[in-house]
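Participant: Next up is a structure, given as structure tokens.
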Amino acid sequence: MLLAGSASVALCKEIGAYLGIELGESERLVFPNENIFIQLKESVRGQDVYIVQTMSSPLHDNFMELLIMVDAVKRDSAGRINVVIPYMAYTRSDKKDQPRVPITARLVANMIETAGADRYITIDLHTGQIQGFFNIPGDALTAFHLMSDYVRDQNINNLAVVSADLGFAKKARNWAEKLGTPLAVVEKRRLFNTGQSEALTLIGDVAGKNVLIVDDEVLTGGTIANVVETLKREGAQDVYLAFTHAVIAPQGVERLRGLDIKEIITTNTVPLPPERTLPNMTILSVAPLLGEVTLRAHEGRSVGELFNE
Ligand code: R5P
């Protein structure tokens, strides 16, 4: 049984089409006091249920809706409750790296479990260790294969992969290995009081090369703007950008629009309304990936096999 949360209706329909099944029906109401009400329109008793809901804007409404859907499904005696969260928010809050701060990613994982989820499926967590915040099993997937296959097929010559920050360098190394290119890394420091980022140093050589910047998400576009500026200063030619989660704020869209980027490659883990898409954007669908993993999870077959693991 596939159920769509209101943030992921289009994606869930695509997953349903991949699996050849109709979506389960549910009704959602929001009362004047902002309380969300969900009613399942068909029984899920004994079923293996997959609730697809991404954590995009309006984030807290969507997250609360997910928890309420899990509760509704649990109280209808579902057999197993799986949450499919293509983009998990709060994952940048994964450690106590300053005094008196929370670890919100852990709190989010606890809330999902407490609501009653038995398993989770997600894509490109900000860091792999976040899996350890869950006590339930899950599949932490990646859109790396989807995006890197696409880039490889573009046959861009004289390419170098550039990690947008040190934290992404290991994943950027996978990109460089797969595409057979050199790797460069931009060292970035985030200024905590303003949330702004400032690109500092380029480690590696991009002079005369086309470059592919890789990252996990773009929000304000501040990181990418700094990286592009640094790369251009260091003599880079055409700039390409690939990232999984397009959680782009309105000012981020304008910032990206103003940058000299030949192609922006991203995915639909987060719905991108027309006003937040750009002519140079290629949006790859994660529906076949989620559909195949859902099928394998349902049938108790290996997911690693999909990626030759
Ligand atoms: C940070 O560690 C992430 O990998 C992204 O670089 C960051 O979330 C992008 O945010 P913004 O677009 O606001 O600079």
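Participant: Using only Cα atoms and rounding to the nearest 10 degrees, what angle (0 to 90) does helix 59-75 make with the longest principal axis of the chain?
Facilitator: 30
Participant: May I ask you to give the percent of accessible area on segment 97-136 that is carbon plus sulfur, with a probe radius of 1.4 Å?
Facilitator: Details: 1020 of 1950 Å².
Looking at segment 97-136 in its full context, I get 52 percent from C and S.
Participant: Rounding to the nearest 20 debye, state how big the charge dipole of segment 89-153 is about its Cα centre with +1 on each Lys and Arg Cβ and -1 on each Asp and Glu Cβ.
Facilitator: On the way: 7 positive and 8 negative charges, 79 e Å.
It works out to roughly 380 debye.
Participant: Give the shape of segment 5-56 as rounded, prolate or oblate, defined through the alpha-carbon gyration tensor: a ≥ b ≥ c are the square roots of its eigenvalues, a/c under 1.5 means rounded, and otherwise the shape is prolate if a/b is larger than b/c and oblate if not. Working shown, then result.
Facilitator: Numbers: a/c = 2.51, a/b = 1.44, b/c = 1.74.
Judged from the Cα gyration tensor, segment 5-56 comes out oblate (a/c at least 1.5, b/c at or above a/b).
Participant: How much length is gained on full extension from HIS298 to ASN35, taking 0.36 nm per residue of separation minus their Cα-Cα distance? Working shown, then result.
Facilitator: Numbers: separation 263, 0.36 × 263 = 94.68 nm, distance 3.24 nm.
Going from the current span to full extension adds 91.4 nm.
Participant: Right, something else. Any idea of the accessible area per residue across the chain, 1.4 Å probe, to the nearest Å²?
Facilitator: Values: 14440 Å² over 309 residues.
I get 47 Å² per residue for this part.
Participant: Go ahead and estimate [θ] at 222 nm for the chain from helices alone: -39,500 (n - 2.57) per DSSP H run with n ≥ 4, summed, over the residue count, rounded to 500. Walk me through the numbers before you get to the answer.
Facilitator: Working: 8 runs with 94 residues, N = 309.
Calculated from helices alone, the mean residue ellipticity at 222 nm is -9500 deg cm²/dmol.
Participant: How tilted is helix 287-299 with respect to the longest principal axis of the chain? Cα atoms for both, answer in degrees (0 to 90, nearest 10).
Facilitator: So the helix axis and the longest Cα principal axis differ by about 40 degrees.
Participant: What fraction of the Cα pairs in segment 144-284, stated in percent, has a spacing above 26 angstrom?
Facilitator: On the way: 1510 of 9870 pairs.
Cα-Cα pairs of segment 144-284 separated by over 26 Å account for 15 percent.
Participant: Continuing with the same structure: Determine the share of segment 144-284's accessible area contributed by carbon and sulfur atoms, expressed in whole percent, with a 1.4 angstrom probe. Each step should come with its number before you reach the end.
Facilitator: Numbers: 3070 of 6340 Å².
C and S fraction of accessible area: 48 percent.
Participant: Here's something else I'd like to know. Tell me the relative contact order for the chain as a rounded percent, counting alpha carbon contacts under 8 Å between residues six or more apart. Each step should come with its number before you reach the end.
Facilitator: Values: 604 pairs, mean separation 40.6, N = 309.
Rounded, it is 13 percent for the chain.
Participant: When the Karplus curve 6.51 cos²θ - 1.76 cosθ + 1.60 is applied with θ = phi - 60°, which whole-Hz ³J(HN,Hα) does each residue of segment 200-207 get, with x for Gly and Pro?
Facilitator: After applying 6.51 cos²θ - 1.76 cosθ + 1.60, I find 10, 10, 9, 9, x, 10, 10, 4 Hz.
Participant: How far is helix 144-153 tilted off the main Cα axis of the chain, in degrees rounded to 10, range 0 to 90?
Facilitator: For helix 144-153, the angle is close to 50 degrees.
Participant: For LEU146, LEU107, write out the residues from largest to smallest accessible area, computed with a 1.4 angstrom probe and no ligands counted. Intermediate results must be reported in sequence, preceding the final value.
Facilitator: On the way: LEU146 60, LEU107 95 Å².
Final ranking, largest accessible area leading: LEU107, LEU146.
Participant: Give the dimensionless ratio obtained when the Cα radius of gyration of the chain is divided by 2.2 N^0.38 Å.
Facilitator: Numbers: Rg = 20.0 Å, N = 309, 2.2 N^0.38 = 19.4 Å.
Rounded to two decimals, the normalised Rg is 1.03.
Participant: Just how large is the dipole of the chain about the Cα centre, in debye to the nearest 20, putting +1 at every Lys and Arg Cβ and -1 at every Asp and Glu Cβ? Walk me through the intermediate numbers first.
Facilitator: Details: 30 positive and 38 negative charges, 128 e Å.
Charge dipole, the chain, about its Cα centre: 620 debye, nearest 20.
Participant: Just name one of LEU66, VAL52, GLY204: the one whose Cα is farthest towards the positive end of the charge dipole of the chain (beta-carbon charges, Lys/Arg +1, Asp/Glu -1).
Facilitator: Value computed over the given set: GLY204.
Participant: Once amide H atoms are built 1.01 Å from N in the peptide plane, which residues 5 or more positions from ALA184, or in another chain, come under 5 Å H to H?
Facilitator: VAL161, VAL162, SER163
Participant: Let me ask something else. Consider all pairwise Cα distances in segment 39-126 and report the whole-number % of them above 17 Å. Kindly include the intermediate steps, with their values, before the conclusion.
Facilitator: On the way: 1869 of 3828 pairs.
That tail contains 49 percent of the Cα-Cα pairs.
The values are calculated or read from the model by the stated rules, or taken from the named source; none is laboratory data. If you're wondering where the values come from, they're calculated on a predicted model, not measured in any experiment. Here Cβ is always computed from backbone atoms with ideal geometry, including for glycine, and neighbour counts include all displayed protein chains. All accessible areas refer to the heavy atoms of the entire protein, side chains included, with ligands and DNA or RNA removed. Shrake-Rupley method; radii C 1.70, N 1.55, O 1.52, S 1.80 Å.
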